[in-house]
Amino acid sequence: MRYIALSLLIVAATASAEESNWNTSWDGTLYGYANAMTLRADSVLNPSNQIADIAKRTDTGEVRLNIKAESEDVRFTARPILTVRNQRKTAGATQKNEGYLSQWQVRVRAAEGLNVAAGREVLNWGAAQFRSPSSPFYFDNGRSDPMRELVGMDTVKLTWTPDMQRSFTLARVLSTGRVASAVDEWRNTWLLKADQRGDGYAVGVVAAKAALNAAFYGVHGQASIDDETMLYAEMGSSEQLVALQSPADVAQAFSVLSASPRRNTVLVGATYTLPEGQSLIAEYLRDNNGYTTAQEAAYFSRAASSPALAGQALGMAPRLLGRDYLHLVWQSNLMESEGYWRMMYTRSLTDGGNELGGYGETTLSERVSAFATAVVSSGKSNQEASSLFSRSVTVGVKVALH
Amino acid sequence: MHTSLKTSLLGLLLLSGVAYAAPDAHSILTSSDQARGGGLPGIVWEIKLNSRDGDKVDETQRLLVKAVDESSVAEVLEPVRSKGSKILQVERNMWLTKPGLSKPIPISPRQRMSGQASNGDIAATNYAGDYEAQMSGNESVDGEPCYVLDLKAKHKRATYDKIRYWVSVKRLVGVKAEFMSVSGKLLKTARFEYDSSIEHDGKRIPFVSKMSIRDALIDAESVMEFGSVRVKRVAASEFDLGQMQ
């Protein structure tokens, strides 16, 4: 990967050597925030916090930088992140310091309408907030946790943009960026994507084929009905690499499939903008990779029978336990520059569990903002939302550096 | 037959004379658009935006805008805490994105209208393409004779439903505008200054340097100053959501 990027950079730099008008810029944000979690004492999946070993308190200091250099035909961007994290776990306090490139890219305009790019890129799209079924890589799109930083995929891509309305991308995903697990599901993946934008609508189709997994197919679309209302949908069809089967009959054991049958996931949503610019969002998600009500109940019953099974249940759980979810959002005007807030409510229609979340940010000065985020789960230990913790609160400040 | 030909020729001459004296509304609009970035192969400019809402003075915002026809991308340069945020508009679609954001967020047309300066004000002006124009008469603005045009939106992607537009007879640039709702209710008034100029098609033409917008409903106003104006072709990929990194 680094050789491809270096080659691109050398070619690009040589090609644009005659151009002296390189623009360079950087900006950055310094974060300091503390998180406290109230774990469930009676957790089925994580009894006495012995399996997941979740930190009850985490203090984080972080610098997130954005570096850019560009000429007429070449653009280089990088987003390095330096983190110092102190966690108080069951065994005591631990500190972890790390530095990594969350995203970076060298992009060269190879011909009219044709760009070649190499780097680490977040390949995420569509209008959905709760989950992104049309992305093979980022089903959990990170929108529910404003502090979360998605790490990009190591990618080489060719994009043809014949006009403002259309674009076509062919990409080779080499690996899952920085956090590649032992089995990198997306190592050596071919990705094809086509997008069309028109008067009040945008649609995209995507196909991905990983070396280790069956093909993924996705589609996303949005349409503005009027000035206030937008409807959107995302869909994905995939086979999961590892699927923990939970028969509804509790007497039967868990079984693990190395590849699940092909299943579809669909999200439909609507957003309505209020006169002052606040917006209301409603989304419904159907994920056929999840369990039915009876299967989920059996999942928790089996997990409760032994710590080993609890570990298996937690470690191999589907990306969402249930099949049907309702997600509601009420948020402030996104065009306001002096603050932002959002309230989120999620209900699992499969197990009846509820989760309420909120995020607020206010400007203290030109450079300094304070923020807080909180998540409250109400329900029992055998409901997904409340299976691990009942409350999580984060407060912090951020300082613009440049 | 001979008499009829002479009459026709005389009629044509008279008509051309009338046309010379008062160009049609569409060509006036096309000319005035160029002085605000419209009808050009592409434009890149910096906008400094100062707003006041009652006694509350907002922070100065600085934006780098790239625009071609009705597509635009505006990158925030100031305030520093919002640096790198981008607002992309393609046709009637708008998205907000910023460094580290997990995915771009769609913005509704109603949100794009919020604030004193809407996205339509910071992008290039394409009134000739977006509005049906009718000549309404002649008036003077600050002593300068102007054509008065009544504009009505042709499609939903137009920022305003109706506009009354005063275009200088001599300079063919818009000097004053009233922005209205469908019902004709006055929303905002704007005044324009043209202290800059650009080179286009071998000609030097005046170019907007300042736009002052006053809200008609509340005591609020915005002043946009346009600087570092460059007429240049902007690649379509600059407006591709998948290549905004």
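Some points to look at:
- Of B:Thr60, B:Thr159, B:Thr97, the one that fluctuates the most in a GNM where chain B has Cα springs shorter than 10 Å: B:Thr60
- Net charge in the neighbourhood of B:Asp53 (other residues with Cβ under 10 Å of its Cβ; Lys, Arg +1, Asp, Glu -1) is -3.
- Separation between Cα centres of the stretch B:190-208 and the stretch A:326-402, rounded to whole Å: 48 Å
- In angstrom, the C-alpha Rg and Dmax of the stretch A:204-336 are 18.8, 56.
- Residue-normalised accessible area of chain B, given per residue in Å² at a 1.4 Å probe: 44 Å²
- Net charge of Cβ neighbours under 12 Å - reference B:Ala25; Lys, Arg +1; Asp, Glu -1: -2
- As a calculated quantity, the FRET efficiency between A:Trp22 and B:Glu59 at R0 = 35 Å, using C-beta atoms, amounts to about 0.75.
- Summed over both chains, the accessible area lost when B and A associate is about 4900 Å², using a 1.4 Å probe.
- Computed across the stretch B:72-166, the Kirkwood radius stands at 15.3 Å (inverse of mean 1/r, all Cα pairs).
- Cubic angstrom per residue, convex hull over Cα atoms of the stretch B:141-245: 172 Å³
- Long pairs among A:Lys209/B:Lys86; B:Lys83/B:Lys156; B:Lys56/B:Lys162; A:Lys68/B:Lys66; B:Lys210/B:Lys232; B:Lys162/B:Lys210, criterion Cα-Cα beyond 25 Å: A:Lys209/B:Lys86; B:Lys83/B:Lys156; B:Lys56/B:Lys162
- Kirkwood Rh, angstrom, chain A [1 / mean 1/r, Cα pairs]: 23.2 Å
- Rg/Rh for the stretch A:116-157, where both radii come from Cα atoms and Rh is the Kirkwood radius: 1.00
- For the stretch A:21-157, the alpha carbon positions stretch 62, 32, 21 Å along the principal axes, listed from largest to smallest.
- Packing rank of A:281-288, A:297-304, where each peptide gets the mean count of other beta carbons within 10 Å, highest leading: A:297-304, A:281-288
- Within straight-line cross-link reach of A:Lys56, lysines at Cα separation under 23 Å, skipping those fewer than 8 residues along the same chain: A:Lys89, A:Lys96, A:Lys380, A:Lys398
- Max mean-square fluctuation residue, GNM over chain B, Cα-Cα springs under 10 Å, options B:Ser31, B:Ser228, B:Ser212: B:Ser228
- Summed side-chain charge close to B:Arg62 - residues other than B:Arg62 whose Cβ falls under 14 Å, Lys, Arg +1, Asp, Glu -1: -4
- Accessible surface calculations at 1.4 Å, restricted to protein heavy atoms, place chain A at 44 Å² per residue.
- Helical contribution to [θ] at 222 nm, DSSP H n ≥ 4, -39,500 (n - 2.57), averaged over chain A, rounded to 500: -3000 deg cm²/dmol
- Using bins of 10 Å that start at zero, the share of Cα-Cα pairs per bin across chain B amounts to 7, 29, 35, 18, 7, 3, 1, 0, in whole %.
- In this structure, A:Asp163 and A:Glu276 have a Cβ-Cβ separation that, at R0 = 30 Å, corresponds to a calculated FRET efficiency of about 0.25.
- Label-to-label distance, B:Leu96 versus B:Lys48, with points set 7 angstrom from Cα along the beta-carbon direction: 2.6 nm.
- As a fraction of the 1.4 Å probe accessible area of the protein assembly as shown, surface on carbon and sulfur atoms comes out at 56 percent.
- Length-normalised contact order of the stretch A:33-122 in % [C-alpha pairs under 8 Å, at least 6 apart]: 22 percent
- Each residue, A:Gln252 and A:Met316, gets one label point 7 Å from its Cα in the Cβ direction; the gap between the two is 1.4 nm.
- Here's the picture: a label point sits 7 Å out from the Cα of A:Val203 along the beta-carbon direction, and within the stretch A:124-157 the residues with their amide nitrogen under 19 Å of it are A:125-128, A:133-135.
- Rg(Cα) / (2.2 N^0.38 Å) computed for the stretch B:30-129, rounded to two decimals: 1.10
- Restricted to Cα atoms, the stretch A:107-262 shows a radius of gyration and a Dmax of 17.7, 64 angstrom.
- Dividing the mean sequence gap of close Cα pairs (under 8 Å, 6+ apart) by how many residues the stretch A:16-70 holds gives a relative contact order of 54 percent.
The values are calculated or read from the model by the stated rules, or taken from the named source; none is laboratory data. Computed from a predicted structure; not experimentally measured. Positions of Cβ are backbone-derived with ideal geometry, glycine not excepted, and every protein chain shown enters the neighbour counts. Ligands, DNA and RNA are excluded from the accessible area calculation, which covers all protein heavy atoms including side chains. Shrake-Rupley method; radii C 1.70, N 1.55, O 1.52, S 1.80 Å.
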